[in-house]
């Protein structure tokens, strides 16, 4: 069995924990890691695993449900929606910016300059893409 | 009844620990979990053996012997709850959780669990029937004998598992089942440990070990009274000189089932003493 994806929360991050969780779940759904019908962890289990209040995780799930990405059924758990709406352009740009910032931080830690970092991206980018 | 309550109160230290929260740990995650859960399981087992020994010799009318095994199982279960509750919870600033759905069925031994459920159902049905059929003995103690009336001959057969025995037994077994449910809830719900490098550690083997111990403790809790009640009930039914056919059939059915309950008891005792011997099972499903 492949290892399940991991959710991370940094309590010192100025972004509220519910928003950190929401962003990660949105990306997992849009990237296809979480497929339609996949079940999300029960509220209490995820809250216990992350040491968060149940209400925090509940807010994340509620926002995902409002966005049409998941559906919750009483007693049946929370599942990824069958037809999750595609990410909005601004959401996609924001996510890309976050990942770029994280990559920039790693590149600087490795001592790479701007050109070296961009070259690495070009090398990694598929030739037919 | 008073004995049951007093002995039950001896569980308070274990349950107190269970509710007190986790202990600190500065060692490899799974080693810490294994050591902590084993230590508390054995504490429960030792306390249970002492309480069972005290209870067995307490009541000359046999209630002590009847309650000894359930009290033992109850203490083992409390030990499992305490051990699972002492496992470290996430407290750092960077926390992780696997995107998975953990459920009790992922860790409980399937066949043994079903057999224990069957034993529980059999005990409940048997106790309901014997309680309904019980009568007061010559000293007026309700639910201690089986009375029969054959027209010319009337008489009683005792001891019979009427309310005199079945009520304290139901109380202790019911409490045991509740603690077992709490134990499964704890072992499923506790977070996965994080290694020193920050990665999540798969600790399913430890959870399965605890689930096996819980199933074994429930098996001991249920099968010993079930075997005892079956023997006493069969003897009572066969003692009736004008018994109908179905009484004879029921008595033999109870006797024929005893070997099956004995096998389950043997498995349960082994599971309590050495729950790590079980084969591997599928891990929880990824979300």
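In the range A:76-91, what residues are without any contact (Cβ under 8 Å) to a residue 12 or more places away in the chain and either within 14 Å of chain B (Cβ to nearest Cβ) or surrounded by 13 or more Cβ atoms within 10 Å (Cβ to Cβ) (or both)?
Scanning the range A:76-91 gives a single hit, A:76.
Is it true that residue B:265 is out of contact with any strand residue (DSSP E or B) (no Cβ under 9 Å at 6 or more places or on another chain), outside any loop (DSSP other than H, G, I, E, B) and modelled with pLDDT under 90?
Here the answer is no, as residue B:265 does not meet what is asked.
Scanning the range A:10-30 for residues that are in a loop (DSSP other than H, G, I, E, B) and within 9 Å of another protein chain (Cβ to nearest Cβ), which turns out farthest from residue A:67 (Cα to Cα)?
A:12
If you take the residues in the range B:268-287 that are surrounded by 14 or more Cβ atoms within 10 Å (Cβ to Cβ), assigned to a loop (DSSP other than H, G, I, E, B) and within 14 Å of another protein chain (Cβ to nearest Cβ), which one is modelled with the highest pLDDT?
Only one residue tops the list, namely B:284.
Could you go through the range B:133-147 and let me know if any residue there is assigned to a helix (DSSP H, G or I), out of contact with any helix residue (DSSP H, G or I) (no Cβ under 6 Å at 6 or more places or on another chain) and more than 14 Å from every other protein chain (Cβ to nearest Cβ).
Looking only at the range B:133-147, we keep the residues that are assigned to a helix (DSSP H, G or I), and these are B:133.
Next cut, out of contact with any helix residue (DSSP H, G or I) (no Cβ under 6 Å at 6 or more places or on another chain) only: B:133.
Those left that are additionally more than 14 Å from every other protein chain (Cβ to nearest Cβ): B:133.
Yes; the residues of the range B:133-147 include at least one that is assigned to a helix (DSSP H, G or I), out of contact with any helix residue (DSSP H, G or I) (no Cβ under 6 Å at 6 or more places or on another chain) and more than 14 Å from every other protein chain (Cβ to nearest Cβ).
Output the residues belonging to the range B:90-115 that are touching a strand residue (DSSP E or B) at 6+ places or on another chain (Cβ under 9 Å), assigned to a loop (DSSP other than H, G, I, E, B) and more than 11 Å from chain A (Cβ to nearest Cβ).
none
Can you say whether residue A:7 is within 14 Å of chain B (Cβ to nearest Cβ), part of a helix (DSSP H, G or I) and at pLDDT 90 or above, as far as the supplied structure shows?
Answer is no for this residue.
Any idea how many residues of the range B:56-86 are buried (at least 22 other Cβ atoms within 10 Å of the Cβ) and either over 18 Å from residue B:30 (Cα atoms) or within 14 Å of chain A (Cβ to nearest Cβ) (or both)?
16
If I ask for residues that are in contact with a helix residue (DSSP H, G or I) (Cβ under 8 Å, 6 or more places away or on another chain), farther than 15 Å from residue A:83 by Cα and part of a loop (DSSP other than H, G, I, E, B), which ones from the range A:31-54 would you list?
A:40, A:41, A:52, A:53 - these are the residues of the range A:31-54 that are in contact with a helix residue (DSSP H, G or I) (Cβ under 8 Å, 6 or more places away or on another chain), farther than 15 Å from residue A:83 by Cα and part of a loop (DSSP other than H, G, I, E, B).
The values are calculated or read from the model by the stated rules, or taken from the named source; none is laboratory data. The structure presented is a predicted model; accordingly, all values stated were derived computationally and were not measured. Counting neighbours? That spans all protein chains shown, and the Cβs are built from the backbone with ideal geometry, glycine included.
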